[in-house]
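Student: Before I ask anything, here is the structure I am working with.
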Amino acid sequence: MAAGNAEVFERLLAAFNAHDLDQIMSFFSDDCVLETPRGENPWGTRFEGPSAVREGLAQRFRGLPDVHYSEDEHWVSVSAVSRAGC
């Protein structure tokens, strides 16, 4: 992976670990979608658009105030993908 791509993912991970919603949202586009594995539906919850994504993340941070993501791996294919364990 190109060093620049890894750096972007590292900055995003740092923003998640700081629970910095403003910084996290700076990585999302206006047509963003966040899918989480938990929720009322069997497939989890889907948040569409910046306001919904921000609120979905805020809910996670409120529900897990000490959540910290580590053991991260980043790779890039057709679209960027990142995974961090918590």
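The values are calculated or read from the model by the stated rules, or taken from the named source; none is laboratory data. Since the structure is predicted, the reported quantities are computational estimates derived from the model, not experimental observations. In case anyone asks, the SASA skips ligands and DNA or RNA and just uses the protein heavy atoms, side chains included. Shrake-Rupley method; radii C 1.70, N 1.55, O 1.52, S 1.80 Å.
Student: With a 1.4 Å probe and all protein chains left in place, how much accessible area per residue does segment 1-66 have, in Å²? Each step should come with its number before you reach the end.
Tutor: Numbers: 4540 Å² over 66 residues.
Per residue, segment 1-66 has 69 Å² of solvent-accessible surface.
Student: Subtract the Cα-Cα distance of M25 and Q59 from 0.36 nm times their separation in residues, and report this length gain in nm to one decimal.
Tutor: Working: separation 34, 0.36 × 34 = 12.24 nm, distance 1.44 nm.
Once the chain is fully extended between M25 and Q59, it gains 10.8 nm.
Student: Calculate one ³J(HN,Hα) per residue across segment 16-33 by plugging θ = phi - 60° into the Karplus curve 6.51 cos²θ - 1.76 cosθ + 1.60, and present them in order as whole Hz with x for glycine and proline.
Tutor: 4, 5, 8, 6, 8, 4, 4, 5, 4, 5, 5, 8, 9, 8, 5, 9, 5, 9
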